[in-house]
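Okay, structure first, notes after.
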Amino acid sequence: MSSPSAPPAALNWSVDNCTIERAMGVLGEKWTLVVLREVFAGIRRFDDMRVRTGIPRQVLANRLTTLVGNGVLRRDPYREPGARLRHEYRLTAKGFDLYPIMIALSEWGDRYLADPEGPPISYAHRDCGAELHLDVTCADGHQVTEKRAIQPRPGPGAHPRTETSSP
C-alpha cells in the first residue's frame with residue numbers, strides 16, 4: 001500500500017492569467033491550425049484554402065478574421081485583371097513564431113497518427129535540406145531529452161491562488 005502523495009504545488013497558484021488558455025482562445029479551434037498549415041505552405045488566398053481543405057466558407061472567413069484580429073496574419077490586397085479587389089493572408093512576425101508549435105504538432109501526429117507509408121508533410125532546413133526536429137533546451141544550453149526532467153513552476157507573472165481565483 002502506498003502512502004498518499006503531497007498535493008501538487010501548482011494548486012497554490014492561480015491560472016487566471018494562463019497564457020496557454022489565452023493561446024487556445026486564438027488557436028484552439030480545429031480549423032484554425034488547418035488554416036495556419038495552409039498559410040505556412042504558401043497557400044494565401046481564400047478560395048485556394050477553401051477548395052484545398054474543404055473548410056466551409058463561413059468557418060474559413062471566421063478563422064481568418066480571428067487570426068488577423070489577433071495579429072497572427074495580415075491581409076494584403078491584390079486584384080486579378082478584370083476582377084474585384086481581394087486579399088491574400090500572410091504571416092506576421094507573431095504568426096511566424098508559431099512555426100515551432102506547428103512542427104511539434106506535426107512530429108506528434110507523425111509519431112502517433114500517420115498512415116503506414118509515413119507522414120504526409122515534412123519540414124526541412126532551407127539552407128541544407130536536412131529534416132527539422134524540435135529539441136528542448138534549458139536557458140543554460142542543456143538539451144533536455146527525458147520528458148520527466150521538465151518541471152512546470154511559477155513564472156514571473158504568477159499570482160498566488162485565492163478563494164476568488166479559478167480552480
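Going by the structure shown, is GLU88 assigned to a strand (DSSP E or B) and either among the hydroxyl-bearing types (Ser, Thr, Tyr) or surrounded by 15 or more Cβ atoms within 10 Å (Cβ to Cβ) (or both)?
yes
Taking the conditions exactly as written (closer than 22 Å to ARG84 by Cβ, hydroxyl-bearing (Ser, Thr, Tyr) and in a helix (DSSP H, G or I)), does THR65 satisfy them or not?
Answer is yes for this residue.
Of all residues in the stretch 15-31, those that are farther than 19 Å from PRO100 by Cβ have Cβ atoms under 8 Å from Cβ atoms of residues that are of a type in the set (Lys, Arg), 6 or more apart or on another chain, in GLU29/ARG63; TRP31/ARG63. On inspection, ARG50 passes the criterion of being among the basic types (Lys, Arg), part of a helix (DSSP H, G or I), surrounded by 11 or more Cβ atoms within 10 Å (Cβ to Cβ) and touching a Leu at 6+ places or on another chain (Cβ under 8 Å). So, in the stretch 142-158, how many residues would count as being part of a loop (DSSP other than H, G, I, E, B) and within 20 Å of ILE101 (Cα to Cα)? Result for the stretch 142-158: 5.
Counting the residues of the stretch 1-47 that are in contact with a Gly (Cβ under 9 Å, 6 or more places away or on another chain) and not in a helix (DSSP H, G or I) gives 1.
Coordinate-derived values only; no laboratory data. Everything numeric in this text was worked out from a predicted model, so none of it was measured. FYI the Cβ positions are ideal-geometry reconstructions off the backbone, even for glycines, and counts take in every protein chain you see.
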